[in-house]
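Chemist: Please see the structure below; I have some questions.
The values are calculated or read from the model by the stated rules, or taken from the named source; none is laboratory data. Keep in mind the model is a prediction, meaning the values are calculated, not measured. Neighbour counts are summed over all protein chains in view; Cβ atoms, including those assigned to glycine, are modelled from backbone coordinates with ideal geometry. Note: areas computed on protein heavy atoms with side chains; ligands, DNA, RNA excluded. Shrake-Rupley method; radii C 1.70, N 1.55, O 1.52, S 1.80 Å.
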Amino acid sequence: MDYSYFDVIKSRRQPPMANHMMSNMETSGRFPSATPLAMAYVPFQTWEEPFDASDALQAGTLFPQLDLPFMEEGYAR
Amino acid sequence: MSESTMLLDTIRKYGFALTELNLYLDTHPKCTNALSYFNKYKELYKKACDEYTSKYGPLTIDDAGANDCWCWTSGPWPWEREAN
């Protein structure tokens, strides 16, 4: 994930679009251009086959999708 | 690893699974999958606790005082358990 917020800022130099609906399909940087600033979005977790109990204790979570070991480069997979 | 430690590890791992499912069920109260896993682990957890209590004495005060003696303080302290 080579995400950088500055790409988003740079790519939105053009004047704000009058009609939001029309522009929110195009993406600029990593988010649709109409994405409001400073509003976090956390996808809702859905059920999945959990780890076995002992693996869960080892991984620190019962849910594989939440098993995000820290990578040296400083981003999750 | 002594049998008591193994039993304790079993209790810990099932307890952890229960806590995780608790957190998930808080936000997904109607998830039948999570509920069935929760009930499954609750049974396993209770069985492991009962087995431990019958062999090595009470884990929590809920288990203490079952027979006529207050054996809560008579058993070895947790840090002594590995010693014997």
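Chemist: If you place +1 on the Cβ of every Lys and Arg, -1 on the Cβ of every Asp and Glu, and leave all else neutral, what size is the dipole of segment B:1-47 about its Cα centre, to the nearest 20 Debye?
Modeler: Computed charge dipole of segment B:1-47: roughly 140 debye.
Chemist: If amide H atoms are built 1.01 Å from N in the plane of the peptide, which residues on other chains or at least 5 residues away come under 5 Å of the amide H of B:C71?
Modeler: Sorted by chain and number, the residues that satisfy this are B:G65.
Chemist: Next question, about the same structure. What list of ³J(HN,Hα) values in whole Hz, one per residue of segment B:71-77 in order, does the Karplus curve 6.51 cos²θ - 1.76 cosθ + 1.60 (θ = phi - 60°) give from phi, with Gly and Pro shown as x?
Modeler: Whole-Hz 3J(HN,Hα) from phi for segment B:71-77: 7, 4, 9, 7, x, x, 5.
Chemist: Report the accessible surface area buried between chains A and B, summing both sides, using a 1.4 Å probe on protein heavy atoms only, in Å² rounded to the nearest 100.
Modeler: About 1200 Å² of accessible surface is lost on pairing.
Chemist: Let me ask something else about it. Kindly write out, for segment B:39-49 in residue order, the coupling ³J(HN,Hα) from the Karplus curve 6.51 cos²θ - 1.76 cosθ + 1.60 (θ = phi - 60°), rounded to whole Hz, with x marking Gly and Pro.
Modeler: Karplus-based 3J(HN,Hα) across segment B:39-49 equals 5, 4, 6, 5, 4, 4, 5, 5, 4, 5, 5 Hz.
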